[in-house]
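Read through the structure below, which is laid out as structure tokens, and then see the notes.
Rule-based calculations on the coordinates, nothing more; no lab input. The structure displayed is predicted, hence computed values, not measured ones. Virtual Cβ from ideal backbone geometry, glycine too; neighbours counted across all protein chains shown.
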Amino acid sequence: MSALEDFRANRVKQTFRKRLAKLPRVGLAHLPTPLDRCLRSADKLKIGALFVKREDCTGLAFGGNKVRQHEYVLGKALAVGSTCVIQGAASQSNHSRQIAAAGAKLGLKVFLTPKRDHYFDQMQGNLLIDHLLGCEISPISPEESSTEAKQKLAENEIARGGKPYISGMGATESLILGAVACVEIIFELSDQLGNDQKPTWILSASQASTQAGLLLGSQILGWDTKVVGINPLNSKHEAYVPKDEIEKVMTSAAKLIGFNKPIDPSLIANDINYVGEKYGVPSPKSMDAMKFLASNEGIILDPIYSGKAFAGLMDYAATGRIGKTDTVVFVHTGGLPGLFANKDYLVDYLSQS
């Protein structure tokens, strides 16, 4: 890259960082997150270079990518005078654990509506941490809609004189703000790799916001990087976000920070081929991926999100989709407490390996 191109790249980052700074935001995450180069893994996968962007190291209550996103989501909630935040998903939700921790740090009441799924009776992993963090937990049946349960809870809070802010599935604004937050991941990568180096591929576990933000950030910098979200769930799940909705999230995030170039929907790659049996259940491939990265790099993945995403990366490499000279960045989204809730699967896997 010439000195002029380097200057332009830094000017673009400076411009959009100033725009990001104008949005309501609270300080929660340890940023920038580290970028680890994985030489042994790249050699064994027969690819040019592999880096892991450590969003599991954002600090708050075991970290994870949602801590970065909650800086903007809760910044907006506080800016509009919200008195509490409502989130609900699976009982082992990483999103719920991170928003409960953020609420504790900010002194903001958090209500969670976890499902009474097959993990609920285990006081383990994320659910154990949720209780420790002091949020108010109102479980719902597995058949109930999380979106509807959160809306009902919000209506009850309004009737009591509160001003709730809903996050997560069914809350479009929080998805858009989550995407905005992930644009900064790309700027950090550019700083860490150097303006003269851009990845061939970026892969991450993502249902919507993370992928939308990573792709938007890449387009802002003019990268032709292939950005792939490895989705931990499919259209059978309430939280599934189809491609056209991801496009809407990305377009709205772009508008919010003043990026006016058109969004090309053909660039949105959201892969549901590594879900396995179903959402929330470890797959053999996810545990293979966990064992691979742990034994080669000392980096621990979780079996539901990052493990399945890295399984996709390994398969892309094995089938030649990722080439021998390609530079790959894997965005580690965290989720480590889920490791302990799934210990029976892991113990069985390790006993047979």
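Can you flag which of 163/236; 13/46; 76/308; 236/285; 46/278; 198/308 are past 28 Å Cα-Cα? As for pairs spanning more than 28 Å Cα to Cα, those are 163/236; 13/46; 76/308; 46/278. Can you figure out the FRET efficiency of residue 261 with residue 352, using R₀ = 51 Å and their beta-carbon distance, to the nearest 0.05? Efficiency, from the Cβ-Cβ distance: 0.50.
Computed per residue of the chain from DSSP H runs no shorter than four, each worth -39500 (n - 2.57), the mean residue ellipticity at 222 nm is -14500 deg cm²/dmol. Computed from backbone phi with θ = phi - 60° and the Karplus coefficients 6.51, -1.76 and 1.60, the 3J(HN,Hα) list for the range 331-346 is 8, 7, 8, x, x, 5, x, x, 4, 7, 5, 9, 4, 5, 4, 5 Hz; x is used for glycine and proline.
Distance from the C-alpha centroid of the range 247-323 to that of the range 1-73: 16 Å, rounded to the whole angstrom. Based on C-alpha pairs under 8 angstrom that are at least 6 apart in sequence, the chain has a relative contact order of 21 percent. Taking other C-beta atoms within 10 angstrom as a stand-in for reagent exposure, 184, 277, 297 fall in the order 277, 297, 184, fewest first. When the chain is modelled as a GNM with alpha-carbon springs shorter than 10 Å, which of 214, 78, 301 fluctuates the most? Among 214, 78, 301, the largest GNM mean-square fluctuation belongs to 78. Close amide-amide hydrogen proximity is noted between residue 205 and 230, 333, each under 5 Å apart and 5 or more residues distant or on a separate chain (H modeled in the peptide plane; Pro and chain starts excluded). Do you know the relative contact order of the range 65-166, to the nearest whole percent, from alpha carbon pairs under 8 angstrom that are 6+ apart? Value for the range 65-166: 33 percent. For residue 166, the amide hydrogen comes within under 5 Å of the amide hydrogens of 86, counting only partners 5 or more places away or on other chains and with H modelled in the peptide plane.
Take every pair of alpha-carbon atoms less than 8 Å apart whose residues are at least six positions apart; their mean separation over the length of the range 226-344 yields a relative contact order of 26 percent. Exposure proxy for 123, 287: other Cβ atoms within 10 Å of each Cβ, ordered fewest to most, give 123, 287.
Size of the chain: Rg and Dmax of its alpha carbons, in Å, are 19.5, 61.
Give the percent of DSSP beta bridges with both residues in the chain that are antiparallel, rounded to the nearest 5. The antiparallel fraction comes to roughly 10 percent. In sequence order, the range 20-25 has phi-based couplings of 4, 5, 7, 7, x, 7 Hz under the Karplus curve 6.51 cos²θ - 1.76 cosθ + 1.60, θ = phi - 60°, and Gly or Pro positions carry x. The peptide list 125-135, 58-68, put in order of mean Cβ contacts within 10 Å with the highest first, becomes 58-68, 125-135.
What is the set of long-range amide H partners of residue 305 at a cut-off below 5 Å, with H atoms built 1.01 Å from backbone N? Amide H to amide H, under 5 Å and 5 or more residues apart or across chains, residue 305 pairs with nothing.
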